[in-house]
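The values are calculated or read from the model by the stated rules, or taken from the named source; none is laboratory data. What you see is a predicted model, and the numbers here were worked out from it, not measured in a lab. We place every Cβ from the backbone using ideal geometry, glycine too, and count neighbours over all the protein chains shown. Areas reflect the complete protein model, heavy atoms only, side chains present, ligands, DNA and RNA absent. Shrake-Rupley method; radii C 1.70, N 1.55, O 1.52, S 1.80 Å.
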Amino acid sequence: MTKVYISGKYYDKADAKISVYDHGLLYGDGVFEGIRIYDGKVFKLKEHVERLFESARHIKLDIPITREQMIDAIQKTVELNGKRNGYIRPLVTRGSGYLGLDIRKTADPQVVIIVDDISLYPPELYETGMELATVSTIRNHPNALNPRIKSLNYLNNILAKIEAVQAGCVEALMLNHKGEVAECSGDNIFIVKQGVLRTPPSDAGILEGITRQVVIDIARKATIPIQETALTRHDIFTADECFLTGTAAEVIPVVKCDGRVIGAGKPGSITRTIREGFQQVTRQ
Ligand code: PMP
């Protein structure tokens, strides 16, 4: 039976509940993370906990435990569930209050840790590559709700995903308020052009993915030139290769966007090198 951590106690999955007055539910007021377990080891745990606390700092949410206690709680929940490979979802809500927005009238932020399985995309897409659809929903303007915050309010991404699925694709290409490529609904995007790896910079209105950083490090080690630079749809359409990165998705090739074939229409050699490099760091 799956055990869920809620604020210091463990509950069976069916009994793991939060108040309907919690602003996490009422307003999506809270922050979360998604982390992988590979061969019994939690991957990039410190980095994910750091991002969780940074997201919380931005929304003025005081997480009631320290970073070290969060790390311990995550590791203990993984052990208790006996998971050697899987997915962890830590989240912190604003806590319960009244039916208004003022955070001063809320109390008891809840810390939740769920350990479960995840499989985001059909396995065959890792071999054949996926198709993206550019959606009309733009990524949140950084001055409205900065995408660098991994907040419990994911409607922006969900609206994009709805459009992608409507268009017969499994992932959405989202542009920013300037019309440049930002990221996908749950993944960062990279292209390869003439041997150079390119990805939108942090200030393009993206979540700064932990996997994105791992891939940048792999590229540097493999002496593949890497540029964090503004990209447009033209760059995607005319790229030699394209792939997405994310904790759940890992590294997945993209071979088509809005009906345009990217490169040779199959996963390219740099994408393969990066995927292999990623498998090595996750399984070491
Ligand atoms: N962008 C968005 C919008 C995401 O939700 C995620 C995480 N699923 C990512 C990018 C990838 O980030 P990470 O590599 O840290 O999982």
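The one condition from (1) among the charged types (D, E, K, R); (2) within 14 Å of the ligand (Cβ to nearest atom); (3) assigned to a strand (DSSP E or B) that LYS256 does not meet is (2).
Which residues, counting only those in segment 111-151, are within 14 Å of VAL31 (Cβ to Cβ), open to solvent by 30 Å² or more (accessible area, probe 1.4 Å) and touching a Leu at 6+ places or on another chain (Cβ under 8 Å)? The answer is ARG148, and nothing else. Quick one: GLY97 ticks every box in (1) modelled with pLDDT of 95 or more; (2) touching a helix residue (DSSP H, G or I) at 6+ places or on another chain (Cβ under 9 Å); (3) surrounded by 15 or more Cβ atoms within 10 Å (Cβ to Cβ) bar one, so which box is it? It fails just one condition, (1).
Go through segment 186-203 and give me each residue that's surrounded by 22 or more Cβ atoms within 10 Å (Cβ to Cβ), more than 13 Å from the chain's Cα centre (by Cα) and within 14 Å of the ligand (Cβ to nearest atom). PHE190, THR199, PRO200, listed by residue number.
Yes/no per residue for (1) away from the ligand (no atom under 11 Å from the Cβ); (2) touching a Ser or Thr at 6+ places or on another chain (Cβ under 8 Å); (3) not assigned by TED's automatic domain parsing to the domain that holds MET70:
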| site | (1), (2), (3) |
| --- | --- |
| ASP108 | yes, yes, no |
| SER136 | yes, no, yes |
| SER151 | no, yes, yes |
| TYR154 | no, no, yes |
| ALA172 | no, yes, yes |
| ASN176 | yes, no, yes |
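Residues in segment 204-237 that are within 11 Å of the ligand (Cβ to nearest atom), touching a residue at least 60 places away in the same chain (Cβ under 8 Å) and not β-branched (Val, Ile, Thr): GLY205, LEU207, GLU208, GLN213.
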